[in-house]
Amino acid sequence: MSEKALTYALPIALELSGIFVTLIGVAVELSTHADFANSIITLGSAIVALGSVIWAKIYKPRRNPERGDK
């Protein structure tokens, strides 16, 4: 696996883990109607947002079309 593939894996992994945490929060909310499920959903959303920020602000500007990066 190339170094570039590993760097793109970080924001993807963060976003997928955030989606997973959000789904856990939704499942807890549906099954128990507990108030702390809203905190779990919020945490998952924050993790997704962190992955998106890393992708948009760090990795996307590093692409160089002159080198053939897409």
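Quick look at the numbers
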| read-out | value |
| --- | --- |
| Gained length - Lys57 relative to Ser39, 0.36 nm times residue gap less alpha-carbon distance | 3.8 nm |
| Ordering of 24-34, 10-20 by packing [mean C-beta count within 10 Å, highest first] | 10-20, 24-34 |
| Taking the convex hull of Cα positions in the stretch 3-63, its mean projected area over all directions (nm²) | 3.9 nm² |
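Just so you know, all these numbers are worked out from the coordinates, no wet-lab data involved. Just so it is clear, the structure is predicted and the values come from calculations on it, not from any experiment. Using ideal geometry, Cβ is built from the backbone for each residue, glycine included, and neighbour counts are taken over all protein chains shown.
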